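Take a look at the structure set out below.
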Amino acid sequence: MKYELERENGKVTFTISYDAKEWEGAIEKAYQKNKNKYTHEGFRKGHVPRKILEQAYGEGIFYEDAINGLLSDAYPVVLEENKDVEPVASPDAELVEIKNGMKAKLFVTVKPDFELGQYKGFTLKKVEYPVKAKDVNAEIERAREKSARLVEVTDRASELGDILNIDYSGSIGGVKFDGGTAEKQNLELGSKTFIPGFEEQLVGMKKGDQKDITVKFPEDYGAQNLAGKDAVFAIKVNEISKKELPALDDEFAKDISEFDTFAEYKKDVKKALVEKNNKKADEDMENALIDKIAESTQIEIPTPMIEEEVDQMIKQFEYRLMYQGMKLDDYLKYTGIKTEDIRKDYKDIAIKNIKVRLIMDKIVEVEKIEATEDEVAAKVSEMAVKAGKPADTYKNDLQAKQMDYVKNEIVMNKLLNFLKKESKYE
């Protein structure tokens, strides 16, 4: 194999050539890989000679696999020999010629070259999120709600705030629709969990009551086949319950925390909120600084790089849907959204993400920020403690990619601290 390299405008082209012997070997390898797929009169499946198959299906029957095999083997080799070439997307290939061998081109999109803009000396607004008494009380009330027990109601009709266990069946024009039927569904009246007007019409019903209610789906409802339409729901109330909230006393504190008194528990709630708000304020100031840095730098980002970033974002979206028990195809069907709409929505975010990564990497390079051995060892020890393992055992269990992640996390934290020290917050 021989190759030539050309660089131009964020793209590297490898022109790769193979002599006749190498090309013949690749075709034979492709034949051996695929021969079990073919049958021919007079031969057992998988035993048809290559010449017979080439006569029957054409001389180039195995060319595509042969070319792909050669280029797949060549790509890591040329990258290893040219370490300054940093691909940012999968390469495109183009066949040049097949004559006494084979010649093809690999077009590799690489990191764009750019000049760093300003990344020091900014003056930014300091962000603070003070914790107020009402915030502490609201947090305690949420914990109280979680600790509430349900008590069945049998001596009155339902009221706002009650939990109803219901069966319901929805229909539009007398025809039931997908997702409109359920049994033994718990619903808190006033929670606004269901479409507007649904919960309000259940107020005043008693255990065992049945009735039909009419509601209108919002015009912007996610499922287009239901949006803006009137629906009738047949309702049956199986049970009515109300929440019984625990008293805010020392016993409550003991039940839900490590503290013996309510005063200690409340103090800890405030401490946790302060830490949470301080972290949010710090993140917001970091994001504002990063935005300023990004605004000062111009980068022409290659289209393949953007498309690959969007691909990754859609995969992450798919994973989130899977955790909710839904497939992407089902989501698209129910919402009426098209894949190209999602790609379009993600494009600007993808461009910003790429730009920030490129700028951060460049600053790390210019400022020579790195993770020292002692810093890596300290981080691994910290992770080992959390995992309940000895540091040496934990370190030995880490794969190369995981160790790279640890180093990258250290570098990024050092970078952010460096950038914040180089700017002012007023």
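Tell me, please, whether a residue that is more than 35 Å from the chain's Cα centre (by Cα), at pLDDT below 95, of a type outside the set (Phe, Trp, Tyr) and farther than 30 Å from Ala272 by Cα can be found in region 218-230.
yes
Is it true that some residue in region 336-355 is surrounded by fewer than 16 Cβ atoms within 10 Å (Cβ to Cβ), assigned to a loop (DSSP other than H, G, I, E, B) and either at pLDDT 95 or above or of a type in the set (Lys, Arg) (or both)?
Yes, the conditions are met somewhere in region 336-355.
Does Ala133 satisfy the condition of being at pLDDT 95 or above, open to solvent by less than 30 Å² (accessible area, probe 1.4 Å), out of contact with any Pro (no Cβ under 7 Å at 6 or more places or on another chain) and over 30 Å from Val364 (Cα atoms)?
no
Residue check: is Thr303 polar (S, T, N, Q) and closer than 19 Å to Pro87 by Cα?
Yes, satisfied.
Quick check on this structure: which one of Lys126, Lys105, Lys83, Lys111 is without any contact (Cβ under 8 Å) to a residue 24 or more places away in the chain and either closer than 13 Å to Ser17 by Cβ or open to solvent by 50 Å² or more (accessible area, probe 1.4 Å) (or both)?
Testing whether each residue is without any contact (Cβ under 8 Å) to a residue 24 or more places away in the chain and either closer than 13 Å to Ser17 by Cβ or open to solvent by 50 Å² or more (accessible area, probe 1.4 Å) (or both) leaves just Lys83.
Pull up region 16-47, narrow it to residues that are closer than 15 Å to Lys99 by Cα and hydroxyl-bearing (Ser, Thr, Tyr), then point me to the one that is most open to solvent (accessible area, probe 1.4 Å).
By that ranking, first place goes to Ser17.
Please go through region 112-168 and give me each residue that is in contact with a Lys or Arg (Cβ under 9 Å, 6 or more places away or on another chain), within 30 Å of Gly204 (Cα to Cα) and in a loop (DSSP other than H, G, I, E, B), ordered by number.
Ala148, Val153, Thr154, Arg156, Ala157, Ser158, Glu159, Gly161, Asp162
Would you mind telling me which numbered condition in (1) surrounded by fewer than 11 Cβ atoms within 10 Å (Cβ to Cβ); (2) more than 28 Å from Gly117 (Cα to Cα); (3) among the acidic types (Asp, Glu) Asp397 fails?
(1)
Just for region 366-381: of the residues that are exposed (fewer than 11 other Cβ atoms within 10 Å of the Cβ) and of a type in the set (D, E, K, R), which one is farthest from Glu86 (Cα to Cα)?
Asp374
On the phi > 0 side of the Ramachandran plot and open to solvent by less than 60 Å² (accessible area, probe 1.4 Å) - does that describe any residue in region 265-282?
For region 265-282, residues on the phi > 0 side of the Ramachandran plot and open to solvent by less than 60 Å² (accessible area, probe 1.4 Å): absent.
Within region 317-330, is even one residue outside any helix (DSSP H, G or I), among the hydrophobic types (A, V, I, L, M, F, W, C) and either touching a helix residue (DSSP H, G or I) at 6+ places or on another chain (Cβ under 8 Å) or surrounded by 15 or more Cβ atoms within 10 Å (Cβ to Cβ) (or both)?
No.
List the residue pairs whose Cβ atoms are under 6 Å apart, where the first residue sits in region 1-22 and is touching a residue at least 24 places away in the same chain (Cβ under 8 Å), the second is of a type in the set (S, T, N, Q) and buried (at least 19 other Cβ atoms within 10 Å of the Cβ), and the two are 6 or more positions apart or on different chains.
From residues that are touching a residue at least 24 places away in the same chain (Cβ under 8 Å), the pairs are Lys11/Thr109.
Taking region 283-312 on its own, how many of its residues are more than 21 Å from Asp361 (Cβ to Cβ) and either free of Cβ contacts under 8 Å to residues at least 24 places away in the same chain or not charged (D, E, K, R) (or both)?
Going through region 283-312 one residue at a time, the tally reaches 1.
So which of Glu141, Glu97, Glu145 is surrounded by fewer than 17 Cβ atoms within 10 Å (Cβ to Cβ) and closer than 30 Å to Tyr18 by Cα?
Checking each option against the conditions leaves just Glu97.
Whether any residue in region 190-197 is part of a strand (DSSP E or B), at pLDDT below 95 and among the β-branched types (Val, Ile, Thr) is what I want to check.
No, region 190-197 has no match at all.
Can you report the number of residues in region 293-316 which are under 23 Å from Gly117 (Cβ atoms) and part of a helix (DSSP H, G or I)?
7
From the list Phe194, Phe217, Phe252, Phe198, which residue is open to solvent by less than 80 Å² (accessible area, probe 1.4 Å), within 24 Å of Glu152 (Cα to Cα) and free of Cβ contacts under 8 Å to residues at least 24 places away in the same chain?
Phe194
On the basis of being assigned to a helix (DSSP H, G or I) and in contact with a helix residue (DSSP H, G or I) (Cβ under 9 Å, 6 or more places away or on another chain), does Val366 make the cut?
Spelling it out, it is not the case that Val366 is assigned to a helix (DSSP H, G or I) and in contact with a helix residue (DSSP H, G or I) (Cβ under 9 Å, 6 or more places away or on another chain).
May I ask you to list the residues in region 400-426 that are open to solvent by 50 Å² or more (accessible area, probe 1.4 Å) and either aromatic (Phe, Trp, Tyr) or not in a helix (DSSP H, G or I) (or both)?
Hits for region 400-426 are Tyr405, Glu422, Lys424, Tyr425, Glu426.
Has region 178-189 got any residue that is of a type in the set (Lys, Arg), out of contact with any Lys or Arg (no Cβ under 8 Å at 6 or more places or on another chain) and either open to solvent by 90 Å² or more (accessible area, probe 1.4 Å) or not in a strand (DSSP E or B) (or both)?
Yes, that holds for at least one residue.
Hey, among the residues in region 232-249 that are of a type in the set (Gly, Ala, Ser) and closer than 20 Å to Ile166 by Cα, which one's surrounded by the fewest Cβ atoms within 10 Å (Cβ to Cβ)?
Ala234
The values are calculated or read from the model by the stated rules, or taken from the named source; none is laboratory data. Given the structure is predicted, the values throughout are model-derived calculations rather than measurements. Neighbour counts run over all protein chains shown; Cβ positions are idealised from the backbone, glycine included. The accessibility values were calculated without ligands, DNA or RNA, using every heavy atom of the protein model including side chains. Shrake-Rupley method; radii C 1.70, N 1.55, O 1.52, S 1.80 Å.
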